[in-house]
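**Student:** The structure is given below, and queries will be raised subsequently.
The values are calculated or read from the model by the stated rules, or taken from the named source; none is laboratory data. Model, not experiment: these values are computed from the prediction. Reconstructed Cβ throughout: ideal geometry from the backbone, glycine too, with neighbour counts over all protein chains shown.
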């Protein structure tokens, strides 16, 4: 069984678990929300890098949202762009705390332009992108939450020849969410 099959199977399983609660959710609030994060990604072809995340969520129900997610590495030798459609299940622990597991699927493009050992390396690659993670949110107001997100990213960036393939990375991000 190939690595792609295992990654795709994991993403489908996570998406099915997230969507399991969708049928039982009462439709209370529909509308758009958005969020932004900043933090770090470890395990990239350029070690640990600074990243920005942006997301938009259409709330199908109070507990379930779907929408696009964009991750961007804007500075340094590595320029990376990742775009995915994501599904999120919003578990409201109480009036102040939410746990939001999510999964998505999309694509990633990485461009590395650096000098290592006196040799210039200018390589790029595009791959599938499967983000799987969880956000822990503190609800400051009914429409504003502060969040901490841990995300496991599956992809297959290969900057060959001469660089090791990059198949996984972990993102740790802090941000804000604005709900409908």
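**Student:** Kindly provide the set of residues from segment 115-128 that are assigned to a strand (DSSP E or B) and over 19 Å from the mean Cα position of the chain (by Cα), ordered by number.
**Tutor:** Selection gives 115, 116, 119, 120, 121, 122, 123, 124.
**Student:** Take residue 127 and tell me if it is surrounded by fewer than 22 Cβ atoms within 10 Å (Cβ to Cβ) and under 23 Å from residue 53 (Cβ atoms).
**Tutor:** yes
One line per residue, one yes/no per condition, for (1) closer than 17 Å to residue 147 by Cβ; (2) modelled with pLDDT under 95; (3) surrounded by fewer than 18 Cβ atoms within 10 Å (Cβ to Cβ):
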position	(1), (2), (3)
42	no, yes, yes
45	no, yes, no
58	no, no, yes
65	yes, no, no
78	no, yes, no
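**Student:** Restricting the search to segment 129-150, which residues are part of a strand (DSSP E or B) and free of Cβ contacts under 8 Å to residues at least 24 places away in the same chain?
**Tutor:** The answer is 150, and nothing else.
**Student:** Okay, moving on. How many residues does segment 59-93 contain that are closer than 21 Å to residue 174 by Cα and outside any strand (DSSP E or B)?
**Tutor:** So the answer is 5.
**Student:** Okay, next question. Say we look at segment 92-113 and pick out the residues that are farther than 24 Å from residue 161 by Cα and in contact (Cβ under 8 Å) with a residue 60 or more places away in the chain; which of these is surrounded by the most Cβ atoms within 10 Å (Cβ to Cβ)?
**Tutor:** Among those residues, the one meeting the criterion is 104.
**Student:** May I ask you to say which residue of 76, 67 is out of contact with any helix residue (DSSP H, G or I) (no Cβ under 8 Å at 6 or more places or on another chain) and under 16 Å from residue 35 (Cα atoms)?
**Tutor:** When all the criteria are applied, what remains is 67.
**Student:** Which one is nearest to the chain's Cα centre (by Cα), of the residues in segment 171-180 that are buried (at least 17 other Cβ atoms within 10 Å of the Cβ) and not in a loop (DSSP other than H, G, I, E, B)?
**Tutor:** Checking each candidate, the answer is 171.
**Student:** Moving to a separate point now. On the given criteria, is residue 34 in a strand (DSSP E or B) and either in contact (Cβ under 8 Å) with a residue 40 or more places away in the chain or over 16 Å from residue 172 (Cβ atoms) (or both)?
**Tutor:** yes
**Student:** Still on this model: Kindly list, by first and then second residue, each pair from a residue in segment 73-87 that is in contact (Cβ under 8 Å) with a residue 60 or more places away in the chain and at positive phi to a residue that is crowded, with 21+ Cβ neighbours inside 10 Å and in a strand (DSSP E or B), limited to pairs with Cβ atoms under 7 Å and residues at least 6 apart or on different chains.
**Tutor:** From residues that are in contact (Cβ under 8 Å) with a residue 60 or more places away in the chain and at positive phi, there are no pairs.
**Student:** Testing residue 20 on (1) at pLDDT below 55; (2) touching a strand residue (DSSP E or B) at 6+ places or on another chain (Cβ under 6 Å), one condition comes back false. Which one is that?
**Tutor:** So the condition that residue 20 fails would be (2).
**Student:** Condition first: at pLDDT 85 or above and either assigned to a loop (DSSP other than H, G, I, E, B) or buried (at least 20 other Cβ atoms within 10 Å of the Cβ) (or both). Now tell me which residues in segment 153-170 satisfy that.
**Tutor:** Once the filter is applied, which keeps residues that are at pLDDT 85 or above and either assigned to a loop (DSSP other than H, G, I, E, B) or buried (at least 20 other Cβ atoms within 10 Å of the Cβ) (or both), segment 153-170 yields 153, 154, 155, 157, 158, 169.
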